[in-house]
1. Looking at the range 145-152, is at least one residue farther than 25 Å from Val11 by Cα and basic (Lys, Arg)?
2. Is there a residue in the range 37-45 that is of a type in the set (A, V, I, L, M, F, W, C), touching a Leu at 6+ places or on another chain (Cβ under 7 Å) and in contact (Cβ under 8 Å) with a residue 40 or more places away in the chain?
3. When you go through Pro69, Pro46 one by one, which is the residue that is surrounded by fewer than 21 Cβ atoms within 10 Å (Cβ to Cβ), out of contact with any strand residue (DSSP E or B) (no Cβ under 6 Å at 6 or more places or on another chain) and farther than 23 Å from Gly243 by Cα?
4. Please work out if Ser29 is among the hydroxyl-bearing types (Ser, Thr, Tyr) and more than 27 Å from Gln190 (Cβ to Cβ).
5. I'm told Val82 meets every condition in (1) at pLDDT below 95; (2) crowded, with 24+ Cβ neighbours inside 10 Å except one. Can you identify the failing condition by its number?
6. Checking Asp100 against (1) in a helix (DSSP H, G or I); (2) touching a Cys at 6+ places or on another chain (Cβ under 7 Å): exactly one of these is not met. Which one?
7. Could you list, in sequence order, the residues of the range 85-123 that are acidic (Asp, Glu), open to solvent by 60 Å² or more (accessible area, probe 1.4 Å) and either under 13 Å from Ala72 (Cα atoms) or under 16 Å from the mean Cα position of the chain (by Cα) (or both)?
8. For the range 153-186, give me each residue that is in a strand (DSSP E or B), closer than 21 Å to Ala88 by Cα and open to solvent by 20 Å² or more (accessible area, probe 1.4 Å).
Amino acid sequence: MEMNASYTSFVAVGDSFTEGMSDLLPNGSYRGWADLLAARLAAREPGFRYANLAVRGKLIGQIAQEQVPVAAAMRADVVTLVGGLNDALRPKVDMGRVRDHLESSVELLAPSCKKLVLMRSPGRNGPVMERFRPRMEQLFATIDELAARHGALVVDLYGAPVLADPRMWDVDRLHLTPDGHRRVAEAVWQTLGLPAELDWRTDLPAARPAGWAARRSQDLSFARQHLLPWIGRRLTGRSSGDGRPAKRPELQPYGDGPLS
């Protein structure tokens, strides 16, 4: 590990996970692990620059077409690429095409930066996870292979049981809580060879299971507020990110521009 590593710029590429949902701030914006990581890197390096091109709801083909070339042209020290999970969670998906988009993205990004970071994304324990687990593991096998071939780093969030704990997930059951994002930022930080500040894999304290009535109420609320709108978007071909710009589209000094 390069404990004295120096990184002067960081570009984050991806979907809602990298945009920062559901790490909600009082002003209504989202922060998330990438912003947390950028703040820590900026504290080490005067003049540090940061861009976050992520947009919620994006599929890997959209990320490859809309974000990856922009990120490669920025020539940053660190680039994170997280994508493909939105594809894997769809009712129908061509995993071969997902692989092709990931491969072309890695091939373009790896030579453009000092460190390319890929991730094995976390998954919340539950029936949805079990249904899509084979696809996720196929996705992660591709990520491991591409990383080995192109010298990229891999952050294994999927292999951390604490990030599968339902308490680490927001009420929408799709996005991590603020504590989850904090742990992801620490995981990437350590993968970059920087000195650990906490053990991000530490399990949560044991909790008394919720009663049947409480679970039923949570399930109904989730279905009404999150599941049905999500299904509606899938049926109509819409995305939560349609028309939404990147949260921080320019690679500029950390203290300038929109910051969550």
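The values are calculated or read from the model by the stated rules, or taken from the named source; none is laboratory data. These figures come from a predicted structure and were not determined experimentally. Quick reminder, even Gly has a Cβ in these numbers, built from the backbone with ideal geometry, and neighbours come from all protein chains shown. Keep in mind that these areas ignore ligands, DNA and RNA; they rest on the heavy atoms of the full protein, side chains included. Shrake-Rupley method; radii C 1.70, N 1.55, O 1.52, S 1.80 Å.
1. no
2. Let us first name the residues in the range 37-45 that are of a type in the set (A, V, I, L, M, F, W, C), namely 37-39, 41-43.
From what's left, touching a Leu at 6+ places or on another chain (Cβ under 7 Å): none.
Scanning the range 37-45 turns up no residue that is of a type in the set (A, V, I, L, M, F, W, C), touching a Leu at 6+ places or on another chain (Cβ under 7 Å) and in contact (Cβ under 8 Å) with a residue 40 or more places away in the chain.
3. Details: Pro69 fails: farther than 23 Å from Gly243 by Cα.
Just a single option satisfies the conditions, and that option is Pro46.
4. Working: among the hydroxyl-bearing types (Ser, Thr, Tyr): yes; more than 27 Å from Gln190 (Cβ to Cβ): no.
Here the answer is no, as Ser29 does not meet what is asked.
5. (1)
6. For Asp100, the exception is condition (2).
7. Of all residues in the range 85-123, those acidic (Asp, Glu) come to 87, 94, 100, 103, 107.
Now restrict to residues that are open to solvent by 60 Å² or more (accessible area, probe 1.4 Å): 94, 100, 107.
Residue satisfying the conditions is Glu107 alone.
8. Filtering the range 153-186 for residues in a strand (DSSP E or B) gives 153-156, 169, 176.
From what is left, the residues that are closer than 21 Å to Ala88 by Cα are 154-156, 169, 176.
Matches in the range 153-186: Val154, Asp156, Trp169.
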